[in-house]
Amino acid sequence: MKIIIDIPEQYLIDSTPTEFGKNLKLYAALMMFKSGKLSAGSAAEFAEVDRFRFAEACESNGIPLIDYTAEDLRAEMQSLQTFP
């Protein structure tokens, strides 16, 4: 599917329309991942980047790849300790 968005040229900020479009897809994928709408793998696929590039983008934008609460981590550790 193709979606056309009219972006004023002044916002391209040192990039070509193609580069701007790729960055826009990456930022959209990051926000959909952050909000829980997409998994990391699906977001990387949406942005057309590999998982390593997506992980780097998450790190650069302060988005954790694994969002464990302290309580979730304690519960996981507890279950591992009882594992034979």
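A few comments on the model shown:
- Test: residue in the stretch 35-48 that is among the acidic types (Asp, Glu) and exposed (fewer than 11 other Cβ atoms within 10 Å of the Cβ): no
- Tabulated pairs, the stretch 60-79, first under 17 Å from ALA29 (Cβ atoms), second loosely packed, with under 10 Cβ neighbours inside 10 Å, C-beta under 6 angstrom, 6+ apart or interchain: none
- Among the conditions (1) assigned to a helix (DSSP H, G or I); (2) surrounded by 12 or more Cβ atoms within 10 Å (Cβ to Cβ), GLU71 misses just one, which is (2).
- Unmet criterion (only one of (1) within 30 Å of ASP6 (Cβ to Cβ); (2) within 12 Å of the chain's Cα centre (by Cα)) for PRO64: (1)
- Scanning the stretch 41-58 for residues that are among the aliphatic types (A, V, I, L, M) and not in a helix (DSSP H, G or I) yields a single hit, VAL49.
- Look at the stretch 14-32: where a residue is closer than 14 Å to ALA43 by Cβ, no partner that is loosely packed, with under 15 Cβ neighbours inside 10 Å and among the β-branched types (Val, Ile, Thr) sits 6+ places away or on another chain with Cβ atoms under 7 Å.
Rule-based calculations on the coordinates, nothing more; no lab input. In this text, all values refer to a predicted model and were calculated from it rather than measured experimentally. Backbone-built Cβ (ideal geometry, glycine too); neighbour counts: all protein chains shown.
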